[in-house]
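Below is one structure, written out as structure tokens, with a few remarks after it.
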Amino acid sequence: MKVGCPTCGAEVEFRFDDSFVRICGSCRSAVLRSDRGIESLGQLADLTPIDSPLRLFAEGRYGSMSFLLVGMAQLRHSAGGIWQEWYAKLDGGQWAWLSEAQGRYYLTFERPNVPVPPFNHLAPGTQLSLEGRPFTVGELGYGAYASALGEIPYRLDPVAQFQFADLSDGQGSFATIDFGDGRESPTVYVGYQVSLADL
């Protein structure tokens with residue numbers, strides 16, 4: 001699906017039926033498509049140069065699944081520093097999130113309808129069960145969007161800030177709970193710490 005950017009008029013292409021936002025390559029607007037039409041959510045800053053082996057449209061494989069990296073967001077931690085989150089479209093149609101921070105990589109998948117406590121009920125060291133497995137909270141934090149690229153599988157609002165919790169089970173499994181700005185239901189992502197060789 002090709003549309004005109006509401007901000008600058010440049011052509012913007014949505015390649016996947018289930019993506020929500022496409023970053024305009026001309027003016028860096030976050031272009032949202034919905035059943036009400038096309039709108040701009042605002043403009044993003046230029047990407048911060050980060051040395052990374054990952055690239056837009058790079059292909060990879062995890063186990064029996066092949067994937068294509070079709071989007072990326074740079075996120076700013078409230079304590080300073082930026083991490084990158086890549087959006088991978090799997091050959092079966094599912095989305096995966098590949099986070100890249102401090103030389104580590106985490107491949108996670110959205111898990112709908114997983115109950116979690118409220119953000120203010122958690123603290124580092126808190127233990128909880130996700131999908132029947134014990135996880136421990138390693139970090140609670142706040143973040144904001146710094147920049148983005150490509151096609152995004154959720155509504156990326158350039159001025160939004162969000163709360164998150166990162167958890168692990170101590171055996172290679174990893175999870176993130178995205179609490180958003182606290183007004184919507186949390187989104188849970190569960191997966192694994194991976195190496196580039198795994199991909």
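The values are calculated or read from the model by the stated rules, or taken from the named source; none is laboratory data. All values reported here derive from a predicted model rather than from experimental measurement. Cβ sites come from the backbone with ideal geometry, for glycine too, and all protein chains shown count toward neighbours. Heads up: the accessible areas ignore ligands, DNA and RNA and are worked out on the full protein's heavy atoms, side chains in. Shrake-Rupley method; radii C 1.70, N 1.55, O 1.52, S 1.80 Å.
Applying Stokes-Einstein at 20 °C and 1.002 mPa s to the Kirkwood radius of region 1-107, computed over alpha-carbon pairs, gives a translational diffusion coefficient of 141 µm² s⁻¹. Charged neighbours of residue 17, selected by a Cβ distance under 12 Å, balance to +1 (K, R count +1; D, E count -1). For the chain, relative contact order (Cα pairs under 8 Å, six or more residues apart, normalised by length) works out to 20 percent.
Quick one: net charge around residue 89, please, counting Lys, Arg +1 and Asp, Glu -1 for every other residue with C-beta under 10 Å from its C-beta. Write out the running numbers ahead of the final one.
On the way: positive: 15; negative: 18, 91, 151.
Every neighbour counted, the sum reads -2.
On region 112-199, 50 percent of the accessible area sits on carbon and sulfur atoms, based on a 1.4 Å probe. For residue 181, the shell of other residues with beta-carbons less than 13 Å away shows a net charge of -1, using +1 for Lys and Arg and -1 for Asp and Glu. I'd like the distance separating the alpha-carbon centroids of region 36-70 and region 136-176, in whole Å. When both Cα centres are located, 15 Å separates them.
For region 1-112, the relative contact order comes to 12 percent (Cα pairs under 8 Å, sequence separation of at least 6). Counting only Cβ charges, +1 for Lys and Arg and -1 for Asp and Glu, the dipole size of the chain around its Cα centre is about 140 debye.
Here region 32-103 has 49 percent of its accessible surface on carbon and sulfur atoms, given a 1.4 Å probe and all protein chains in place. Our analysis of region 80-155 gives Rg over Rh at 0.97, with the two radii drawn from alpha carbon positions and Rh computed by the Kirkwood formula. Ellipsoid fit via the Cα gyration tensor, region 33-174: semi-axes of 25, 20, 17 Å, each the root of five times an eigenvalue, largest first. In µm²/s, what is D for region 1-54 at 4 °C and 1.567 mPa s, where D = kT/(6 pi eta Rh) by Stokes-Einstein and Rh is the Kirkwood radius from Cα pairs? Approximately 109 µm²/s, per Stokes-Einstein. Per residue, region 1-74 exposes 55 Å² of accessible surface when a 1.4 Å probe is rolled over the protein heavy atoms with every protein chain present.
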